[in-house]
Amino acid sequence: MDTLLHPSTSSMAKRPCPSSAENPMLPSSFSQMDNLLLSFLSLSDSSPPVSLDLSFDRLLESAPSDADQSLLIDRAHNLGSLLLRAANRSARKRASLHNSIAWALPPDLTIKVFSMLDSQSLCYAAATCSMFNKCAMDPLCYANIDLTTVVPKVNNAVVSTMIQRAGKSFRSLKLGIVPGPTSSPGSCQPLVYSIRNSVDVSSFSWNDKKTRQGKESSILTRSCLYPLSGDNGAAGTLLRRLHLYNIERMDNASFCVALAACPSLLDLEIVGLHVELRQTLISVSSNCHLIERLFFESSKTGRDDSLKSPTCVDLVNNCPNISSLSLRGFKLQDYKVRILVKVLGRVGLHKYLDFWSSGCCMPGRVGFRKLKYADFSTSYLISGTFLRNLGSGFGGNLLEVLILRDCMHLKEVEVARFLTAVLAGDFKFLRYLDISNREGLASEGDWYQRSYNSSIIPLKQVLEVRPNICLLAEFPSEGCYIDIDHMFDSDVNSEISLPSQLSSHTSDGSLLMSSSESSYNSDQGSGNEEYQVSGFVIYEESSDEVDFLVV
């Protein structure tokens, strides 16, 4: 034992280790090091004569100087570390061999199972053993990348690495911060989220957002989507689904560059990004012609009124396969919504244009022909006039889901007309309708006058005639409506971006509002008036729309 740690070669010769010839039980291929290690591991620390601590003390006492003693201690540390590393490596090999024998699935099926896991669970599985790690490195496991979290944990480098691992199998990417397990993408519940107001991140320090020397920031920035357009857009070309949630540093330019690299995109979901609706839809209509589902929830509810009629028409003409459309929290006038949902023939379209200028023309048609799902929740300027005669058109009559929840200008008379059309046999495919409003429906004459329990809306009759329809009409009791002047006194420039709480207060007493007074004006001048020309219903546009119509 003393010889093992002593650096002197002469002392090692005094106590030769047993060779394979002296011990016939040992394999003949054993080297001197193997024999020495075997002798060392055969020692028992329980017997005092050969105790490790006593033996090491004797070695130190026999050292002629303090420097030699330090050398012995360092040598013991190094050898112990090497032996521990070798033991850990061998333990992992044995565990991997055991797993490969005990694991019932072959590698191809294991990869198939791993491909169904979310990205975080996949990383946990990869850290289990070398066999799982090898299977988890297969590109198929990264075809559908899900890096959504409740608090910031993912940075740009992680996104780039995942996309590189996916290779040609890359199909889906989900990024950002999702409010929590109670909110699911695609539900009526708002997904716009600010970490500053989250109760789930009490242990998170906002200073962690800053990049520190020697440590990567755990915050996604506007360059997090650059891998989609890199390498001549190879990754973006493969992408079919892109979901982005509450990436605070994303901007219009970076997002549009990413969309330009995704010509095969079928499903786009955007929540809480600081990007403009008009620029986004222009980029989608220019680059993503195959898209079937578009979900966009504003980060600043009620402030974004950038959408123009030309953008609506281009989106309809260039993306005809859209069957699910959700634009939540934007300033959408009825005539813009009607362009999206009402299919008109060419004759009707020209009548619409001739109202503005005798020399104008607009190619194509208006209204998504395949639209089955429409969600315009918290769109404050919608009064419901776009619903008139909607069921008589080819597009509107195919609707299966219509959500108009918390549309502040939605009038009870328009809802009544719509449900009367349902009773008359229109909207035969309608299965889900949500007209709930936490502030009640607007009255016909003045939207300040709210209706909480309307007697003109045939709710019971619809449920009797169409029992297959799920009809949600949740309204508060009369008198719960907050005074409008009080609402305008709130700080509209607040960073809070939770649109679901229009009538509740934050902890500091400020109201969760993000809209200017102009968005809550009365219907006069709101852009929702309608006129009758040659039996065709048209809607007034603002002056900036007329420039588009004139050739």
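Here, each number is a calculation from the coordinates, and none is a lab measurement. The structure presented is a predicted model; accordingly, all values stated were derived computationally and were not measured. Cβ: placed from backbone, ideal geometry, glycine included. Neighbour counts: every protein chain shown.
So the values come out like this:
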quantity: Full-extension gain in nm, Q461 to R85, via 0.36 nm per residue minus C-alpha separation; calculated: 127.7 nm
quantity: Karplus 3J(HN,Hα) series, Hz, for the range 124-136 with 6.51 cos²θ - 1.76 cosθ + 1.60 (x for Gly, Pro); calculated: 4, 5, 5, 7, 6, 7, 5, 5, 5, 4, 5, 5, 6
quantity: Alpha carbon centroid spacing (whole Å) that separates the range 48-90 from the range 431-481; calculated: 83
quantity: Gain upon complete extension [I73, A95; 0.36 nm per residue less C-alpha separation]; calculated: 4.6 nm
quantity: Residues whose placed amide H lies under 5 Å from that of M250, excluding near-sequence neighbours; calculated: H274
quantity: Table column - 3J(HN,Hα) (Hz), the range 266-283, Karplus curve with 6.51, -1.76, 1.60, x for Gly and Pro; calculated: 10, 9, 10, 10, 10, 9, x, 7, 7, 10, 7, 4, 4, 4, 5, 5, 4, 5
quantity: Amide H contacts under 5 Å for R328, placed H, 5+ residues apart; calculated: F296, E297, S298
quantity: Tensor-based shape of the range 71-165 (alpha-carbon gyration tensor, a/c under 1.5 rounded, otherwise prolate or oblate); calculated: oblate
quantity: Packing-based order for 79-90, 454-465, using average beta carbon neighbours within 10 Å, highest first; calculated: 454-465, 79-90
quantity: Extension gain (nm, one decimal) between A157 and S130, 0.36 nm per residue minus Cα-Cα; calculated: 7.4 nm
quantity: Amide H contacts of R431 (H built 1.01 Å from N, under 5 Å, at least 5 apart or other chain); calculated: V401
